[in-house]
Structure formats: structure tokens, C-alpha cells
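The values are calculated or read from the model by the stated rules, or taken from the named source; none is laboratory data. If you're wondering where the values come from, they're calculated on a predicted model, not measured in any experiment. Backbone-built Cβ (ideal geometry, glycine too); neighbour counts: all protein chains shown.
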């Protein structure tokens with residue numbers, strides 16, 4: 001099955017499985033994690049919490065970086081807890097576990 005996902009051209013290339021996450025965005029653009037499924041209310045397609053950081057040149061999880069921007073109703077006191085929980089839900093710092101194969105668009109497409 002082929003799935004088309006759209007990413008920033010400046011995004012880093014997908015790391016090899018097991019290598020540290022570099023913010024390529026491939027996994028979260030293809031399908032949300034369990035927390036993202038709740039947030040996005042879908043099982044396929046880009047997670048609503050996936051955000052592009054132009055300053056860092058990579059994608060970030062909004063639930064980790066800025067929970068109150070993703071969940072505006074969230075009390076400020078709960079934001080640190082949500083960020084910690086999100087890091088655990090997305091298995092931050094455990095290495096890339098995306099079994100996807102990302103290929104750049106052919107020239108002239110996208």
C-alpha cells in the first residue's frame with residue numbers, strides 16, 4: 001500500500017530504525033500515536049499535534065513542546081504533566097521505530 005504524506009522540504013530525512021529521532025515527521029504525518037488518535041480523532045493521516053519548527057528545521061510534537069497551544073482549554077498547571085505524559089506516549093528518546101519507507105516526491109511533483 002502506498003500512502004502520500006506531505007512534509008516540509010527542509011525536514012531532515014528519516015533516520016534508520018533505532019537511530020535517535022531527528023524530527024523528520026514521517027511517523028506522525030502518516031498516522032497518529034495513541035495520544036494523537038485521541039486528539040485528532042482519527043487512526044490514519046497526520047496527527048493534529050504535529051507542528052513544524054522553522055527555527056529548529058524539524059517537526060515536533062505539540063503535546064510535548066506546547067501542550068496549551070494544542071489544547072487551549074488545558075489549565076496551565078496541567079501543561080507540564082501533559083508534556084511528560086506525551087513524551088512517554090510517543091516513546092521519546094527511544095529511537096526511531098517507524099517501519100515506513102519515506103521517498104521524496106519525483107521532480108516536478110508536490
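Some observations on this one:
- Test result for residue 48, touching a helix residue (DSSP H, G or I) at 6+ places or on another chain (Cβ under 7 Å), modelled with pLDDT of 95 or more and either part of a strand (DSSP E or B) or within 27 Å of residue 10 (Cα to Cα) (or both): no
- Test: residue in region 16-36 that is modelled with pLDDT under 90, assigned to a helix (DSSP H, G or I) and loosely packed, with under 13 Cβ neighbours inside 10 Å: yes
- Residues in region 94-105 that are more than 12 Å from residue 4 (Cα to Cα) and either outside any loop (DSSP other than H, G, I, E, B) or modelled with pLDDT under 75 (or both): none.
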